[in-house]
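Scroll down for the structure; my scribbles are underneath it.
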Amino acid sequence: MSFIATDLMPLIQTARFNLWHYRSADLKAAIVTPGYFAPAAGRLQAGDVMIVQSSDSMAILPVRSNVGIGPGVTLDGAVTPIALTRTVAQTLRMVQAAGAVVATIILAPLVAGIIMGSAIPVHAQVVGPIASVVVTLRNAQNQVIPPARTVPVDQGYVTTTLPTPAVGNGWRIQVEDNEDRGIVVTSRSFNILPDLHLMLAEDGPKLLQEDGAAIAQD
């Protein structure tokens, strides 16, 4: 089928704008085909508007030129011209895997009394992923007495020494993970004893100084 001139009727005619009505047994797709309105090129002008009643819809079409028609807007039809389909599919998946990791520090026992002027030996066994520990000496008020030593873990063990503090009691050694200070162990309290520098002579009841001079004799 093709354009029929008598089916194109003006509804409004002015010098600058025309509103047309066109009724046809053709499909809308055929009506908007380029060249369909070529026989009416002398009547149409760019900017006109055409109401089209085709066999499958009713639409408003813009006239782009004297032979060019735009797709326009379909007002009614057997099949809805504009179909909006919106699908929202959102999936939130969370997987949490937890595993227990054992980490602990076992401090070797210390003697109850340490002579002033000697080093305090510190030995500890380390279990778990601990790379290094911090070893500190603390007084009875839990105050840190410098120096604090950072000691690497070597094959599961830590060995170091701390200088003896002043004579007194209530001293403790604390060893803690350098990365996680929640992993910590503290020794029992011990005493720092004075160095008397005295010894008992084997050949008699004499108290001697280190250089051998007697300080007491019966």
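The values are calculated or read from the model by the stated rules, or taken from the named source; none is laboratory data. Just so we're clear, the structure is a prediction, and the values are computed from it rather than from any experiment. Note that we place each Cβ from the backbone using ideal geometry, even for glycine, and neighbour counts take in every protein chain shown. The protein model used for the area step is the full one, side chains on, heavy atoms only, and it has no ligands, DNA or RNA in it. Shrake-Rupley method; radii C 1.70, N 1.55, O 1.52, S 1.80 Å.
On full extension, the segment bounded by residue 154 and residue 25 gains 37.0 nm, given 0.36 nm per residue less the C-alpha separation. With all protein chains in place and a 1.4 Å probe, the accessible surface of the range 1-139 carries 60 percent carbon and sulfur.
Packing order of peptides 153-161, 31-39, 96-104, highest average first: 31-39, 153-161, 96-104 (average count of other Cβ atoms within 10 Å over each peptide's residues).
Once the Cβ-Cβ distance between residue 169 and residue 132 is put in as r, and R0 is 41 Å, what FRET efficiency do you end up with, to the nearest 0.05?
On the way: r = 30 Å, r/R0 = 0.73.
Once the sixth-power term is evaluated, E becomes 0.85.
Quick check for you: which residues of the range 176-193 have the amide N under 19 Å from the point 7 Å beyond the Cα of residue 112 toward its beta carbon? What the label zone holds, given the 19 Å backbone N cut-off, is 187-193.
Taking 0.36 nm per residue of separation and subtracting the current Cα-Cα distance, fully stretching the chain between residue 73 and residue 55 would add 4.9 nm.
Taking 7 Å steps out from each Cα toward its Cβ at residue 93 and residue 144 produces label points 4.7 nm apart. Remark on the range 1-148: Rg and Dmax equal 45.5, 125 Å (Cα only).
Under 5 Å between amide hydrogens, built in the peptide plane, is the criterion, and for residue 162 it picks out 120, 122 among residues at least 5 positions away or on other chains.
Hey, got the dipole for the range 21-170? About the Cα centre, +1 on K and R Cβ, -1 on D and E Cβ, debye to the nearest 20?
Numbers: 8 positive and 5 negative charges, 28 e Å.
Computed about the Cα centre, the dipole is about 140 debye.
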